[in-house]
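Participant: Mind having a look at this structure? Questions to follow.
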Amino acid sequence: MFKKVATAMCVLSFFWCMPVLSAEHGTASEAKAMVQKTIEAMKKSGMQATIAEINKRDGQYSDKDLYVVVYDFNGKNLAHLNPRMVGKDMIELKDEDGKLFIKERLEMAKKKGSGWQDYKFLNPLTKQIEPKSMYIEKFEDVIVGCGIYKK
């Protein structure tokens, strides 16, 4: 049941986000730069202020089809473009192939601190499940990420 609810939330969340996304795709370097910009803001303005800014639909943490997400180390979503995702436990969320990608993301952050993670996710522009790669970095007790759709 959780899998169906979580999948439905993700699908709905991306359709909800569509108006703020343009037809242009972000690049890997832009995604990585957005994560690093977010971490710098967290250092300067504080974690809560930065998370509040990320959670704004028209904030500075979304561009093209890029947007920043923040998770705690229990898999709880702290920041997302869609407010329906914020506060949700996503640890058991699976992609189309059954990959527990949030759990994998947390493990990667704990072991390596940063890196790229591949999984499949709904592209809000094409409305198709597509390969996606997310760059993540551990900062204090959170994971900051921004993903790109592979072409």
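Quick note: the coordinates plus some simple rules give every number you see, no bench work behind them. Here the structure is a predicted model, which is why all the values come from computation and not from measurement. FYI the Cβ positions are ideal-geometry reconstructions off the backbone, even for glycines, and counts take in every protein chain you see.
Participant: Can you tell me how many residues in segment 56-76 are under 21 Å from ALA109 (Cβ atoms) and surrounded by fewer than 20 Cβ atoms within 10 Å (Cβ to Cβ)? Steps first, answer last, please.
Facilitator: At the first step, the residues of segment 56-76 found to be under 21 Å from ALA109 (Cβ atoms) are 61, 66-76.
Still in the list and also surrounded by fewer than 20 Cβ atoms within 10 Å (Cβ to Cβ): 72-76.
Within segment 56-76, residues that are under 21 Å from ALA109 (Cβ atoms) and surrounded by fewer than 20 Cβ atoms within 10 Å (Cβ to Cβ) number 5.
Participant: Still on this structure, please answer the following. Restricting to segment 40-55, give me the number of residues that are surrounded by 17 or more Cβ atoms within 10 Å (Cβ to Cβ) and either without any contact (Cβ under 8 Å) to a residue 12 or more places away in the chain or of a type in the set (A, V, I, L, M) (or both).
Facilitator: Matching residues across segment 40-55 total 5.
Participant: Could you please find all residues in segment 72-115 being within 13 Å of the chain's Cα centre (by Cα) and part of a strand (DSSP E or B)?
Facilitator: The answer is ASP72, LYS76, ASN77, LEU78, ALA79.
Participant: I'd like the full set of residues that are among the small types (Gly, Ala, Ser) and touching a Lys or Arg at 6+ places or on another chain (Cβ under 8 Å), limited to segment 39-79.
Facilitator: Once the filter is applied, which keeps residues that are among the small types (Gly, Ala, Ser) and touching a Lys or Arg at 6+ places or on another chain (Cβ under 8 Å), segment 39-79 yields only GLY75.
Participant: Which of (1) free of Cβ contacts under 8 Å to residues at least 60 places away in the same chain; (2) charged (D, E, K, R); (3) in contact with a helix residue (DSSP H, G or I) (Cβ under 8 Å, 6 or more places away or on another chain); (4) surrounded by 14 or more Cβ atoms within 10 Å (Cβ to Cβ) is the odd one out, the single condition ARG105 does not satisfy?
Facilitator: (3)
Participant: All but one of (1) touching a strand residue (DSSP E or B) at 6+ places or on another chain (Cβ under 8 Å); (2) surrounded by fewer than 16 Cβ atoms within 10 Å (Cβ to Cβ) hold for PRO83, so report the exception by its number.
Facilitator: (1)
Participant: A further question follows. Scan segment 117-150 residue by residue and report those that are under 12 Å from the mean Cα position of the chain (by Cα) and within 24 Å of THR50 (Cα to Cα).
Facilitator: If the condition is that a residue be under 12 Å from the mean Cα position of the chain (by Cα) and within 24 Å of THR50 (Cα to Cα), then GLN117, SER133, MET134, TYR135, ILE136, GLU137, ILE143, VAL144, GLY145, CYS146, GLY147, ILE148 are the ones that fit.
Participant: Still on this model: Scan (1) touching a Lys or Arg at 6+ places or on another chain (Cβ under 8 Å); (2) closer than 22 Å to GLU30 by Cβ for the single condition GLU92 breaks and write down its number.
Facilitator: For GLU92, the exception is condition (2).
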